[in-house]
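Comments concern the structure below.
What follows is calculated from the coordinates using simple rules that are stated; it is not laboratory data. Every value quoted in this text rests on a predicted model; they were computed, and no experiment measured them. Reconstructed Cβ throughout: ideal geometry from the backbone, glycine too, with neighbour counts over all protein chains shown.
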Amino acid sequence: MTEVKIKILTTAIALSFLPAVSWAQVDTSDWKCELCPFEQGYDAEYEAGALYVSDSAARFGNATGLDEEGGKLALDGEGRYASEGFQASWTATDLALDAREFEVEAGRQGRYGLYLGYNELPYRQFDTTETIFTAEGNDFLRLPPGWVAAGSTAGFTELANSLYPLDIGSDRQNVMLGGHFLMSAGFKFFADFRQENRDGVQITSGSGFTQSSMLPRMIDYQTDTIDLGLRYASGPLSLSLAWYGSFFDNKAGSLTWENPFFDNPATSGFDPYRMALEPDNDFQQLTLTGSYRFQTWNSVLGFTAANGTGKQNEPLLPYTINPNLAAGALPVANLDGKVDTSNYSVTLTSRPIRKGRIILGYRFDERDNQTAQATWTRVIVDTFVSADPETNTPYSFERTRMHVSGEYELFDQLRLSAGYERRELDRDFQEVAEQTEDNGWGRARWRPANWLDISIKGGAAKREIDRYDENIAASFGQNPLLRKYNLAYRYREYGELTVSTSPANLPISATISAMFADDSYTQSQMGLNQAETSHISADVSWAVSENTTAYVLVGGETIDADQSGSESFGTPDWSAFHSDSFSHYGGGLEWRNIGENTDIVLDYTHTDGETGIRVYRTGVSPSDFPDIDSDFDSLRLKLRYQKSDRLDIDLNLRYESFETNDWALAGVAPDTIPTVLTLGADPYDYSVWVVGVGFRYLIGARDISFPE
């Protein structure tokens, strides 16, 4: 992948800079192209500069590539070329960072188009983690030499000497190639290819019977997707026939690790465990979509029909790698997994009267799991053979959705709309086989004046179930009184209100929005009983002057939920109340043409959140979990100085602070939990400044928008 990355970046630099050399000396002011959306010739912007990051912070580098302290280069640009109907454009962003992106598009209007793209997306999770395991390839984790196994982390005498830092995160590289070709009048062929590679380190858990370890798992994935088809359009009719394929390749189909614990002092504790990982698989689908516009009632009929098949047929691992266990042979060597999918939908949009519109829709989705069933011998974490055989469950479902909605303009200032939706869901091998949900809503939009717009919406939804099969629940080892929230009866009420104003005689516009939703699970004795969500926000924009604008925003959200359970596997004997609250505020200013050649842009955002959990037990005073808190601040300042008609100088300042208080991570060292060896990740707590300077050079006309 490194060679591919180097070749693409080399091509990007060549494509972006070579035209500049040839066209920079040419006067293109008199060159015209009637078919082009911009003047014939070459226009481009190149920006080069440097950044300095004050501190290393993993989360700050998420999707930015700025996770390490120090200086970095900044290379960006965009350009375009047109000549006698031919058009080409390129865009380059952050070429010197791990979040780089480059794209080239070219084509001749009305005939063909091509594009080539490449981007990288870094994901950074923790840089405070450490481990004792050493990776050998992608599928084996070895203990350090001289490791002394023990029954708990307190007995790991070599732990302190064996730990070494290991960051948790990954990188994604995407290569994209595609285009379209107009074969003849009305027919258009298109093809798109994308290859995604992902590599890095994830956290996974590896369990023994009474102990477990948090493992640094090496990942190396590749996914190829292809989308190609033919479109036809003529008059009121349009059709598209397409084939889609997705092919996933995991370079490591399993993970083996040496066990740092022992359950029995007579054993060494070095016997390895093994788990299966994501298998190679593929999915292919054929789709036909279309629409037809009728002159009657100004109606449009659209439809989609798609059939696909997903397959997985990788060789299965043996029951165990423990030579002391006699688990027998597998019933089959390969799963031969197969899932067929079907998706059909039709939508009719019509305006039978000038002031009214109606929408009718129907959708059917089916997942048909045709994987054969077999009886398997259960082996518990490579430790012992269970006497309970188990059969694999090929889950399937059928889902339908029918909806109707309409809108009517009662007066010039008042529009009324309403809708109804019904969902039906049939499942196999789950506690609830049949489930229906009815949802009805109404909305009114009132504009009493040109500067005031008020919209209010309200509705209710009821989810019914045929019955909750307690026998299936018991087969999963569940309390028969428990109801899973996604399978339980639920009644929901919700509402929304939005008020927008923009007075004609004032340079101010404002929007206030609020919503609430109340979910009740009145037929659940255990599980989720109730959940309430509310949200309110407001933003104000102010055109201070012709060259200056400002904005302010503020908002908050609360989510409350309560659930009940049982410690004795019987009737409910405890309940818990969860309360989540979030708030945010911020503002910004854009001041252009200060002293005729300077622009300033300033943005600031603050967000904080708090989660509280209170537990009530029968006969015991209420107790609270420690609160989970977070505070986030972000400041961006950009100053642009126009040195000349061709040269701009940018000064950038960015500040970000994120602090969390998470009891699940705070103070949890690798050996804090006696039966769990962790990686010792700390809660996020960082403050980072980024200072940058860039020089932007323009070739061609200033302030001409690039074509879409």
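Listed values, structure above:
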read-out	value
Equivalent ellipsoid semi-axes, the chain, via Cα gyration tensor eigenvalues times 5, rooted, Å	47, 38, 32
Cα-projected label distance for Tyr395 with Asp224, points at 7 Å along beta-carbon direction, nm	3.0 nm
Among the listed pairs Lys311/Lys462; Lys72/Lys643; Lys251/Lys311; Lys72/Lys638; Lys457/Lys484, those beyond 27 Å (Cα-Cα)	Lys311/Lys462; Lys457/Lys484
Gain on full stretching of the segment that runs from Trp663 to Arg378 - 0.36 nm per residue minus C-alpha separation	99.0 nm
From the C-alpha gyration tensor of the range 569-687, square roots of 5λ in Å	49, 19, 8
nm² value of the averaged projected area, convex hull over the Cα atoms of the range 115-235	11.8 nm²
Spatially proximal aspartates and glutamates relative to Lys188 (Cα-Cα < 20 Å; intrachain offsets below 8 disregarded)	Glu105, Asp227, Glu708
Residue-span extension gain [Glu434 to Ala510] - 0.36 nm each, minus C-alpha spacing	22.7 nm
Cα point-scatterer Debye curve for the range 247-353, base-10 log of I(q)/I(0) at q = 0.09 Å⁻¹	-0.52
Spacing of the two label points (7 Å from each Cα toward its C-beta) at Trp574 and Glu590, in nm	5.3 nm
Sequence-distant residues sharing a close amide H with Ala58 (under 5 Å, placed H)	Asp127
Largest-first principal axis extents, alpha carbons of the range 164-276, Å	81, 27, 20
Hull volume in cubic angstrom per residue (convex hull over the Cα atoms of the range 27-168)	174 Å³
Efficiency of FRET from Cβ geometry, Leu325 and Asp466, R₀ 51 Å, rounded to 0.05	0.75
Separation in nanometres of the label points that stand 7 Å from Cα toward Cβ, at Ser687 and Asp603	2.3 nm
Label-reachable residues, the range 371-402, where backbone N falls under 17 Å from a point 7 Å from Asp426's Cα toward its Cβ	395-402
